[in-house]
2 protein chains.
Amino acid sequence: MPQNRQWLLDNRPTGEATASNFKLATTYTPALADGQVLVRHHYMSLDPYMRGRMNDAKSYAQPQPLGQVMQGGTAGEIVESRSPRYAVGDKVVGMGGWQEYSVVNVEQPGALRKVDTTHVPLSHYLGAVGMPGVTAWYGLVKIIDAQPGQTVVVSAATGAVGSAFGALAKARGLRAVGIAGGPDKCKYATETLGFDACIDYREHKDAASLSKALKAACPDGIDGHFENVGGMVLDAVLSRMNAFGRIALCGMIAGYDGQPLPMAYPQLILTQRLKIQGFIVSEHMEVWPEALKELGMLVGTGKLRPRESVSQGIESAPEAFLGLLKGKNFGKQLVKLV
Amino acid sequence: MPQNRQWLLDNRPTGEATASNFKLATTYTPALADGQVLVRHHYMSLDPYMRGRMNDAKSYAQPQPLGQVMQGGTAGEIVESRSPRYAVGDKVVGMGGWQEYSVVNVEQPGALRKVDTTHVPLSHYLGAVGMPGVTAWYGLVKIIDAQPGQTVVVSAATGAVGSAFGALAKARGLRAVGIAGGPDKCKYATETLGFDACIDYREHKDAASLSKALKAACPDGIDGHFENVGGMVLDAVLSRMNAFGRIALCGMIAGYDGQPLPMAYPQLILTQRLKIQGFIVSEHMEVWPEALKELGMLVGTGKLRPRESVSQGIESAPEAFLGLLKGKNFGKQLVKLV
């Protein structure tokens, strides 16, 4: 019965999230029942969507319950098994949450998935070959559905979703333009991730200025956009959308702290006959096998080299998460536990 | 060579449109060339979209040129023909503009359409069995695509588009809720047009108040919405949309004079996984035959009894049009010339 440290949501943020919203608890893993396995987490995934669930607001997911372990994706190893389906040593991904171990009922659909780490490092199953990668795939393929030669834009371009989006877009013969925060991220976007251009939104004080930069980076206009941020970025992109453009709305991180985040000119949806669609990738499990196969190939062949920001040890999770919300991460944010 | 009075766009509005933007001119119809017909207009159609085209702004259509006859739909009768396809006395609809006569090259695709006035009055071909009706049909069938029992909402519910939308929705087994301005229009919406409920937006000073009224009128939430107005109405509807709801964006009349018209909480598109799509019915000519057939049946069988506001004489067009923009019309706004 190993000791298991875990982060609970202690109280909900008022405005910006802070470290005091979380509480570290120590417990011991329980004895397993039949059909259960014990997973030792090697990596915890930190994702922007978690901030939304810290609020007690109507949203697509139930709010994160107070006093419970923070929910989230994990990648790890079976260390004890009372199921014939899993052997000790198997590498698995699941939703173990912010803790060092989790007990999983293997018969629960989707609770655990065995992964092959021969060509793809374990951590990537939480990023490019996991939920963030499939998110990018769904937005690009199912909502934006661009034709070769068209121009697509993604905000938070060097993040886990954005970098997968860029690789998928380039593999499809599209012009891919990123929006990211700071010169280092923009350099990485164009030099390593393969984006055709990247705009540093920090150089622009308003949507009009960012819109001008988009015009230069997208001389033929924008046919598809993948939105992770909202606010000024979305306003600027809207002003450059071509007729019949498609916008996949995946996140609006700019509004997670409760700021007003109005869309300045919704008239553009009409005048340009745009389609804007919000989606949650976990509601489209039917596409995961196809998407993961393509993402695994891109990573296995080196066409997608996802960058990771890795913080060390369970204690580091809240600070790493708060940094992620401020854009301090560079690529997929993980916590390494082993 | 009959005398032909016509309204030209003399200058563009700054803010609200006024009668001084238009100029009445008198000319004579020219002699016909082979393949041309002369149409005497019985009715001119006045539609909200015309206001948008008076601005010199990037939009789906070219701006209305200055010094030219105001463009718009017309229904009339062939009075002279140099084409074997049309005989004197044929009833036709076309885009003759704000004038008493037009000369039409009949070989130009879509320029003129012969109509049968046995069961459907000529004027309805500019409304319920014309462009506004097909507009309602496209939004309901191709974008909202609701299942029987679902709830749909339409703003400007007693207008040409809204009334057709209500009849089409009821014929499909949907709960149809209208939004209109004033108790008379709301009474007409429920008692004559068949809406299940109608909300008078003038009773609500802000989106929060209108949202409460929508909650009462839509106890199961809103699955589909057809937007003609924008602003407060769209904000209120967004707050009541069910997961996976669809919004057809057809008009934003509240912003035609250049007012800012921000969408307050675009986050709802994400959290409710909505689809918002703008469209222009003239870009979807392939659906017109199917839509017109259904609309003609609804009118012919009395299931859709469209109301008309008819102003008399070519001189009355600008005032009738400005009244339409303020919601003074009640049903389809026409100008009767004969």
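Being in contact with a strand residue (DSSP E or B) (Cβ under 8 Å, 6 or more places away or on another chain) and away from every other protein chain (no Cβ under 14 Å) holds for only one residue in A:Gly323, A:Gly278, A:Gly327, and it is A:Gly323. Scanning region A:286-338 for residues that are among the β-branched types (Val, Ile, Thr) and surrounded by fewer than 18 Cβ atoms within 10 Å (Cβ to Cβ) yields A:Val287, A:Thr301, A:Val310, A:Val338. Residue count for region A:218-241 satisfying the condition of being among the acidic types (Asp, Glu) and not in a strand (DSSP E or B): 2.
Could you give me the residue pairs with C-beta distances under 7 Å whose first residue belongs to region B:160-175 and is at positive phi, whose second residue is surrounded by 24 or more Cβ atoms within 10 Å (Cβ to Cβ) and not hydroxyl-bearing (Ser, Thr, Tyr) wherever it lies, and which are 6+ apart or on separate chains? Partner pairs satisfying both residue conditions: none exist. Annotation note: of B:Thr26, B:Thr14, the sole residue that is farther than 28 Å from A:Phe244 by Cβ, among the hydroxyl-bearing types (Ser, Thr, Tyr) and not in a strand (DSSP E or B) is B:Thr14. With the condition kept exactly as written, say whether any residue in region B:76-83 is among the acidic types (Asp, Glu) and in contact with an Asp or Glu (Cβ under 9 Å, 6 or more places away or on another chain). Taking every residue of region B:76-83 in turn, at least one turns out to be among the acidic types (Asp, Glu) and in contact with an Asp or Glu (Cβ under 9 Å, 6 or more places away or on another chain). Across region B:124-149, the number of residues qualifying as closer than 25 Å to B:Glu77 by Cβ, part of a helix (DSSP H, G or I) and of a type in the set (Gly, Ala, Ser) comes to 1. When you check A:Leu238 against the structure, is it in contact (Cβ under 8 Å) with a residue 24 or more places away in the chain, within 12 Å of chain B (Cβ to nearest Cβ) and surrounded by fewer than 24 Cβ atoms within 10 Å (Cβ to Cβ), yes or no? Taking the combined requirement at face value, the residue does not satisfy it. Please verify whether region A:204-211 includes one or more residues that are buried (at least 19 other Cβ atoms within 10 Å of the Cβ) and not in a helix (DSSP H, G or I). Scanning region A:204-211 turns up at least one residue that is buried (at least 19 other Cβ atoms within 10 Å of the Cβ) and not in a helix (DSSP H, G or I).
Restricting attention to region A:181-199, the residues that are within 19 Å of A:Met241 (Cα to Cα) and outside any loop (DSSP other than H, G, I, E, B) add up to 3.
On inspection, B:Gly89 passes the criterion of being out of contact with any Leu (no Cβ under 8 Å at 6 or more places or on another chain), at positive phi and in contact (Cβ under 8 Å) with a residue 12 or more places away in the chain.
Read-outs: derived from the displayed coordinates by stated rules, not from any lab. Keep in mind that what you see is a predicted model, and the values were worked out from it rather than measured. Every residue, glycine among them, receives a Cβ derived from its backbone with ideal geometry; neighbour counts consider all protein chains shown.
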